[in-house]
Amino acid sequence: RPTDTRCLKPHLEKVKHALGVLPGTIIADAGYGGEENYAYLEQENVEAIVKYATYHRENTKAWQQDVSKLDNWTYTAEEDSWVCVAGQTLTFRRESKERTESGYELRHRHYRSASCEGCPLKVNCTKAAGDREIKVSLDYLRYKQQARERLKSEEGYALSVRRMHEPESVFGQMKNNRGFRRFLLRGLP
């Protein structure tokens, strides 16, 4: 598979089959931090110490000052709306669904501003000619928040640092010192 995202569940199912149970805590890097994996780990009652793709970038000054990033906006649950950095309210328009290759259903909520005309931040916020529209998975935002809290906890931080040292040095040894760049899967069932 080209990315790690779709490998976590099948791998853990094999572990569960072999051991009869999953470990209480799963530690994985950002390649596994997708909504489908977080949902699976929650369903299995497993504590997930799993980064998501933007985890490290969120702490940079550039990210925190980027007016286009949803993380810098405010969500109001009672009104089901978003307020951008410029104070413009984006209201709910519709919901869409899509299925991943494995059959997991992603639910996205679509929001649009009333008018971005004359907004001084529009150039930095969107490339769209009209008003700003966003597509959000509220479940994924919730999973990201949970992951962020776990990773910033004392135990979560210690586990994630330990995870960086243990397997990454092995990969570095294989790739750099032994010149092993690619796994060939030809001939395997």
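Brief remarks follow.
- Complete set of residues in segment 132-145 that are more than 11 Å from the chain's Cα centre (by Cα) and open to solvent by 30 Å² or more (accessible area, probe 1.4 Å): 132, 133, 135, 138
- Residue that is farthest from the chain's Cα centre (by Cα), among those in segment 18-39 that are assigned to a loop (DSSP other than H, G, I, E, B) and more than 20 Å from residue 106 (Cα to Cα): 20
- Every condition in (1) modelled with pLDDT under 95; (2) open to solvent by 40 Å² or more (accessible area, probe 1.4 Å); (3) under 16 Å from the mean Cα position of the chain (by Cα); (4) more than 17 Å from residue 109 (Cα to Cα) is met by residue 42 except one, and the failing one is (1).
- The residue of segment 48-72 that is farthest from residue 8 (Cα to Cα), among those that are outside any loop (DSSP other than H, G, I, E, B) and open to solvent by 60 Å² or more (accessible area, probe 1.4 Å), is 65.
- Segment 153-175, residues that are surrounded by 11 or more Cβ atoms within 10 Å (Cβ to Cβ) and within 23 Å of the chain's Cα centre (by Cα): 153, 155, 156, 157, 158, 159, 160, 162, 163, 164, 167, 168
- Within segment 114-133, residues that are of a type in the set (D, E, K, R) reach partners that are part of a loop (DSSP other than H, G, I, E, B) and open to solvent by 100 Å² or more (accessible area, probe 1.4 Å) with beta carbons closer than 9 Å, at six or more positions or on different chains, in the pairs 131/117.
This table checks each residue for (1) among the hydroxyl-bearing types (Ser, Thr, Tyr); (2) farther than 15 Å from residue 135 by Cα; (3) more than 17 Å from the chain's Cα centre (by Cα).
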| position | (1), (2), (3) |
| --- | --- |
| 68 | yes, no, yes |
| 71 | no, no, no |
| 76 | yes, yes, yes |
| 79 | no, yes, yes |
| 83 | no, no, yes |
| 91 | yes, no, yes |
| 97 | no, no, yes |
| 106 | no, no, no |
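- Screening residue 24 on (1) farther than 14 Å from residue 150 by Cβ; (2) out of contact with any helix residue (DSSP H, G or I) (no Cβ under 8 Å at 6 or more places or on another chain) shows it passes everything except condition (1).
- Evaluation of residue 119 against (1) closer than 30 Å to residue 10 by Cβ; (2) surrounded by 10 or more Cβ atoms within 10 Å (Cβ to Cβ) (one fails), failing number: (1)
- The residues listed here are 163, 107, 148; of these, the one that is in contact with a strand residue (DSSP E or B) (Cβ under 7 Å, 6 or more places away or on another chain) and in a helix (DSSP H, G or I) is 163.
- Being more than 30 Å from residue 163 (Cα to Cα) and not in a loop (DSSP other than H, G, I, E, B) is true of residue 95.
The values are calculated or read from the model by the stated rules, or taken from the named source; none is laboratory data. Bear in mind the structure is a predicted one, so any value in this text is a computation, not a measurement. Note that we place each Cβ from the backbone using ideal geometry, even for glycine, and neighbour counts take in every protein chain shown. With ligands, DNA and RNA removed, areas are computed over all heavy atoms of the protein, side chains included. Shrake-Rupley method; radii C 1.70, N 1.55, O 1.52, S 1.80 Å.
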